[in-house]
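First the structure, in the form of structure tokens, and then the observations on it.
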Amino acid sequence: MFIYPVLACVLLLTGKGKQQHDQALPCLWGAVRYGDNVEDEWFIVWLLLELTKQLPGISVRVWDDDGDFLLIEAAYTLPRWLKPETATNRVWLRAGGVHVIPQPSAKSPGLPPYPTIRDAIDILQSGRLATHQPRIGAAIQARLAGYPQKAWQQMQRVTTWLPRCLALLLREDPQMVSPAVNAFMTRQRREVQAAAKQSNFPTTNMATTLVTVNHCMYAQLHQVDFNPPSNWPQPAADWLGGNSARQAKAISMGAKIATGMEIMCLRLGLTGTTAAAMADQQQQQQQQQASEKNDQPGAIAAQQPVVPTAA
């Protein structure tokens, strides 16, 4: 059994009018498995904060396996009473800032000691209490410094030696590399033995391919010693300019990604050449669409898909 760190969020879509207390609050809810890359979690927080700036009427709550991780980041700025046991439904993102529902006090004795989501939204929407917390917000903004450019800076392209059908699949859906890396990092010995058959992505036709990964995925793949299957094809001696170090790295990275994809397919119950057939079918559809376009009067002949090759 594999445990994945998860970030969850709920977006409450509230209007400016009076809430109908006999109706459920309209909301959007989502969860993201960010794995070992905690920066993905903070990038999502940045996106949600930006969303609250564009849509001031929404309120957003985020949490992960550690609970209200925003409070952990801003621990030195919190009021003494705000602790994990008292923070339920109190911490919100709204209008580009961090808001905290206050506890009952002499000035506001009617506040709920344990607010529900409905209580929190009513308080935030009414604006009758000072819920905005600039100091907490400043601590969160310090953690988010550099986004969104920081998200792009964490990406890199890696030269790999992959089965051509897998190269085409990753070109059409680059994000597939993420679950492939995760499957490889959580591999079991029996899964590696089954994946060595390359039944889903046969190695009869190989290609040099640039694969986009983030720094975390690259570090995970790079640090693992892994010998490609014995039947893994070897490129020509002058491949990549004959640079043996680059060749070894590209072969190793490709074998790890391909093994991860095979393991992922096996876990999904895809056997034989199911995945390869899907990639081939996708390529045939593209070729058919290009052919139909070329049959039109005045159409220019379309080029066949070409797998990107490293310089």
Y114, sole failed condition from (1) of a type outside the set (V, I, T); (2) open to solvent by 30 Å² or more (accessible area, probe 1.4 Å); (3) part of a loop (DSSP other than H, G, I, E, B); (4) under 29 Å from M217 (Cα atoms): (4)
Within the stretch 201-217, of all residues that are open to solvent by less than 40 Å² (accessible area, probe 1.4 Å) and not polar (S, T, N, Q), the one nearest to I263 (Cα to Cα) is F201
Might you check whether a residue that is assigned to a loop (DSSP other than H, G, I, E, B), open to solvent by less than 50 Å² (accessible area, probe 1.4 Å), in contact (Cβ under 8 Å) with a residue 24 or more places away in the chain and more than 15 Å from D68 (Cβ to Cβ) occurs anywhere in the stretch 97-105? yes
Which ranges mark the helices (runs of 4 or more DSSP H) fully within the stretch 157-226 that have 1 or more residues being over 24 Å from the mean Cα position of the chain (by Cα)? 164-172, 189-195
Just need a number here: residues in the stretch 208-220 that are out of contact with any Leu (no Cβ under 6 Å at 6 or more places or on another chain) and touching a residue at least 60 places away in the same chain (Cβ under 8 Å). 8
When only residues in the stretch 248-266 that are in contact (Cβ under 8 Å) with a residue 40 or more places away in the chain and either open to solvent by 20 Å² or more (accessible area, probe 1.4 Å) or over 25 Å from the mean Cα position of the chain (by Cα) (or both) count, which is nearest to M155 (Cα to Cα)? K249
Qualifying positions in the stretch 47-86 - of a type outside the set (V, I, T), open to solvent by 50 Å² or more (accessible area, probe 1.4 Å) and part of a helix (DSSP H, G or I): L47, E50, L51, K53, Q54, E73, A75, Y76, P84, E85
For the stretch 161-196: of the residues being among the charged types (D, E, K, R) and in contact (Cβ under 8 Å) with a residue 40 or more places away in the chain, which is surrounded by the most Cβ atoms within 10 Å (Cβ to Cβ)? R164
Checking the structure you have, find out if any residue of the stretch 93-114 is in contact with a helix residue (DSSP H, G or I) (Cβ under 8 Å, 6 or more places away or on another chain) and within 30 Å of P174 (Cβ to Cβ). yes
Has the stretch 119-131 got any residue that is of a type in the set (S, T, Y), open to solvent by less than 50 Å² (accessible area, probe 1.4 Å), more than 29 Å from I263 (Cβ to Cβ) and part of a loop (DSSP other than H, G, I, E, B)? yes
Working carefully through the options R118, R128, R143, find the one that is more than 30 Å from L240 (Cβ to Cβ) and touching a helix residue (DSSP H, G or I) at 6+ places or on another chain (Cβ under 7 Å). R143
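The values are calculated or read from the model by the stated rules, or taken from the named source; none is laboratory data. Being a predicted model, the structure only gives us computed values, none of them experimental. Note that each Cβ is placed from the backbone with ideal geometry, even for glycine, and that neighbours are counted across all protein chains shown. The protein model used for the area step is the full one, side chains on, heavy atoms only, and it has no ligands, DNA or RNA in it. Shrake-Rupley method; radii C 1.70, N 1.55, O 1.52, S 1.80 Å.
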